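First up is the structure itself, then whatever we jot down about it.
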Amino acid sequence: MKFAWKSLCFLCVLCGASSCFSLDREAFSITNYDLILQIDPQQHRLGARGKITLRNDTAAPQKIAILQISSSLDWRAIRAGDKMLQFITQSYTSDIDHTGALSEAIVTLPREIASGGTFDIDIAYEGVVLLDATRLTRIGTPEEVAANSDWDRIDESFAALRGAGYVAWYPIATEVANLSEGDTLFAVLTRWRKRESGVRMKVSFPGPISDSNTAVLLCSGRQSQSIMHVDNPKSPATECSYDGTADPTPSFVFASYGVVSRPSITVYNLATHAVAAEAYASASEKIAPLIRDWFGPQREAAKIGDLPELAAAPFESGAFLFTPLTDPKAAGIGLAVAHQLVHSSFRSERPWINEGLAHFAQAVYLEQQRGRPGALDYLTMHQGALKPTESSGDSVEQSRGALVSTHNEELYRSKAMCVWWMLRDLIGDAALKKAIASYKPEQDNDANYMPRVISAQTQRDLAWFFDDWLYNDHGLPDFKVDSAYAASTPTKSFMLTITIENVGTAGAEVPVEIKFATGEITKRVEVRAKSRLTFRVETPAKPEEIRVNDGSVPEIDLTNNAFKLANP
Ligand SMILES: [Zn+2]
């Protein structure tokens, strides 16, 4: 504390004015981490030391750097070479960490770092990481729900730490994130991930962490050693390398795991979930051919790590999924596996592509299992999330933005899935598969890249669709059958004239089913926003009912879509 006060005075002398404390917390990014992490499960303790590289992201020279770690950890030393650096520490309230606060070090660098310049420092910090859902309970989340969301901790039998956004187990530098203020946590995290997109992070875990011979350390990044045995005391440290682009939330888990391995997947299960692990593995082998057909060969095997609490919220980073391995009969297994197989095969930095396609694959999987109605049920379930806010028009556009650049989870998961499904209906399986195969993440430098890749595979003009669904958030369509009448023809068939109206704010191609006594016919029609379309269909028997939209197009109101025909 004496040291801290001295540093504080030193800072004041430097700045001389109150502007001293208008700190730019995001002035420096961290471009490189080289950390050694000691985990002591018995003591719930984490000790870290290593080197990080700071980069000045501002236009002006900077001498003060902010470094933040979880509030349950304490800074021990910050130095440059053999020179101790002056720093003061303080608690900084922010919901980017599960404890709702950060231990912040305000570091005075030995010299000003020019704009874009970098500087290496050595750091050391330590503390305990216990289950802590303060950030959620203080905004009123019930304790149990909060604990199932923020399940990170170091326990004797299970240690799991997810990175920034959950536990700041490595230093970060961010402005305040507040869960009670709309999307600020989201915005702060998105900014952090963007600044860190080229980061290199290497973390060594000197082993053995535990004296159990089934203890496995798993990390979401690339890993050079996975099992550490006590009977091999010379076993080298497990090393995890995280790539900020592919793995935005560096995470690791340490537990007594059994391993079920197949070519397409490796499942790490707790002792009580061995049967479920087999179910995941065999589901993966069954689904892998379908995913390969759509997304090409796997880059790596998918990985699933078990969580002890059955209600724990699943978490994914890159090809890795942490989830409680549930009842082997659960329908969710196939969905989880399909999703993760896509992530281990296909990659994009754009959430609407990366996550949208992984969810789209779930619908394709359900279609394979239960036919189109099974997939449509799934799509409809997800459309619920899009309705209440989307129908409010312009304000939505301002708050959530275009799908191509959104970081809003509902949009890049649910809405993107529906958009991919509509695109598939618009251009067909073969063309969409070709588009996916020709997508190169390293060439995706502008938001129009994927739409161009798709357009190259079809003769159809999709500009209107991209405009309504990708480049803007125009809300949703709302279809109804405006009018329909049938006339008998000389050949004893019926000519039906139908007018479909879209009173919504986005256009779509929508299926129209016409039912008659002996069967039904489906026509697909393109109805732009705020417009109507009249077309004719010949039916072999008297048409009885018309239904617009089978659920494949997200829509504001699905209750006004049926139309009963009067006797012609
Ligand atoms: Zn995903």
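The values are calculated or read from the model by the stated rules, or taken from the named source; none is laboratory data. Keep in mind that what you see is a predicted model, and the values were worked out from it rather than measured. Ideal geometry is used to build each Cβ from the backbone, glycine not excepted, and the neighbour counts take in all protein chains shown.
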### Task
Identify, by number, the condition in (1) within 16 Å of the ligand (Cβ to nearest atom); (2) under 30 Å from LYS194 (Cβ atoms); (3) within 19 Å of the chain's Cα centre (by Cα) that ALA312 doesn't meet.
(1)
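Which is aliphatic (A, V, I, L, M) and modelled with pLDDT under 75, of ALA255, ALA246?
Values: ALA255 fails: modelled with pLDDT under 75.
Checking each option against the conditions leaves just ALA246.
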### Message
Would you confirm, using the coordinates I've provided, whether PHE466 is buried (at least 16 other Cβ atoms within 10 Å of the Cβ), more than 26 Å from the chain's Cα centre (by Cα) and under 30 Å from ARG452 (Cβ atoms)?
### Response
no
### Task
Give the residue, chosen from ILE500, ILE521, that is over 17 Å from LYS480 (Cβ atoms) and assigned to a strand (DSSP E or B).
ILE521
### Query
Quick one: in the stretch 318-349, which of the residues that are closer than 20 Å to GLU196 by Cβ and crowded, with 21+ Cβ neighbours inside 10 Å is nearest to the ligand (Cβ to nearest atom)?
HIS343
### Task
From the list VAL510, VAL553, pick out the single residue that is aliphatic (A, V, I, L, M) and either part of a strand (DSSP E or B) or surrounded by fewer than 20 Cβ atoms within 10 Å (Cβ to Cβ) (or both).
VAL510
### Query
Taking the stated definitions as given, is ALA363 outside the structural domain of CYS418 (by TED's automatic domain parsing), in a helix (DSSP H, G or I) and more than 11 Å from the ligand (Cβ to nearest atom)?
yes
## Note on the structure
Of the residues in the stretch 278-315, those that are under 17 Å from VAL253 (Cα atoms) and buried (at least 20 other Cβ atoms within 10 Å of the Cβ) number 7
### Summary
GLN457 vs (1) loosely packed, with under 14 Cβ neighbours inside 10 Å; (2) more than 23 Å from the chain's Cα centre (by Cα): all pass except (1)
### Task
Just need a number here: residues in the stretch 48-74 that are charged (D, E, K, R) and over 28 Å from the mean Cα position of the chain (by Cα).
4
### Query
Does the stretch 321-332 hold any residues that are at pLDDT 85 or above and either over 15 Å from ALA301 (Cβ atoms) or in contact with an Asp or Glu (Cβ under 8 Å, 6 or more places away or on another chain) (or both), and which are they?
PHE322, THR323, PRO324, LEU325, GLY332
#### Entry: Where GLY296 falls short, out of the listed (1) under 25 Å from LEU403 (Cα atoms); (2) within 16 Å of the ligand (Cβ to nearest atom)
(2)
## Note on the structure
Here the qualifying pairs (Cβ atoms under 8 Å; residues six or more apart or on different chains; first in the stretch 504-530 and within 15 Å of LEU426 (Cα to Cα) and among the aromatic types (Phe, Trp, Tyr); second modelled with pLDDT of 95 or more and surrounded by fewer than 16 Cβ atoms within 10 Å (Cβ to Cβ)) come out as none
### Task
Would you mind telling me which numbered condition in (1) touching a Leu at 6+ places or on another chain (Cβ under 8 Å); (2) touching a residue at least 40 places away in the same chain (Cβ under 8 Å) ASP122 fails?
(1)
